[in-house]
1. If I fit a long axis through the Cα atoms of helix 69-80 and take the longest principal axis of the Cα atoms of the chain, what angle between them do I get, 0 to 90°, rounded to 10?
2. Using a 10 Å cut-off on Cβ atoms, rank the peptides 55-64, 92-101 from the highest mean neighbour count down.
3. Taking a threshold of 25 Å on the Cα-Cα distance, which of the pairs Lys57/Lys98; Lys16/Lys98; Lys57/Lys88; Lys16/Lys41 fall above it?
4. Pick out which of Leu31, Leu52, Leu22 has the largest mean-square fluctuation in a Gaussian network model of the chain, springs linking Cα atoms closer than 10 Å.
5. First measure r as the distance between the Cβ atoms of Lys29 and Ala92, then evaluate 1/(1 + (r/R0)^6) with R0 = 41 Å and state the FRET efficiency to the nearest 0.05.
6. In degrees, nearest 10, range 0 to 90: what is the angle between the Cα axis of helix 26-38 and the longest Cα principal axis of the chain?
7. Expressed in nm to one decimal, what extension gain is obtained for the pair Met65 and Lys41 from 0.36 nm per residue of sequence separation less their Cα-Cα distance?
8. Give me P(r) over region 9-99, computed from all C-alpha to C-alpha distances, binned every 10 Å, as integer percentages.
Amino acid sequence: MKTQGIISMDAETQNKNERINLRVKSSAKRLIDLAAGFEGKTVSNFILTSALKHAEKTVQEHQTMTLNAENSRIFFDALDDPVCFNQKLTAAFEEYDKRVITK
């Protein structure tokens with residue numbers, strides 16, 4: 001699964017410069033060991049592939065909006081309406097600029 005603009009599963013083949021350390025209960029470790037063995041993977045590879053799949057799914061869910069027909073109409077009608085900059089909207093933009101750091 002590849003998601004545009006997101007590191008995908010082929011990240012496994014790239015140079016590995018970062019490290020993630022986990023502390024887990026022994027029961028969780030046994031379960032992960034068992035699951036990794038069933039898939040013929042090392043524990044590290046199993047954790048990495050599982051985490052990447054879940055991360056991509058989570059990002060996709062937050063970047064995609066699904067609307068029914070009525071909500072879709074309302075959304076596109078709102079896009080067609082001219083924006084009315086009032087004091088609250090201006091304050092919201094200013095607050096956004098203070099809080100959000102874009103890289």
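1. Tilt relative to the chain: about 60 degrees.
2. Put in order of decreasing packing, that is 55-64, 92-101.
3. Lys57/Lys98; Lys16/Lys98; Lys57/Lys88
4. It is Leu22.
5. E(calc), rounded to 0.05, equals 0.30.
6. Approximately 80 degrees, to the nearest ten.
7. That works out to 5.2 nm of additional length.
8. Per 10 Å bin, starting at 0, the Cα pair percentages come out as 12, 23, 23, 14, 20, 8, 0.
No lab work stands behind these numbers, since they all come straight from the coordinates. All of these numbers come straight from a predicted model, not from anything done at the bench. Counting neighbours? That spans all protein chains shown, and the Cβs are built from the backbone with ideal geometry, glycine included.
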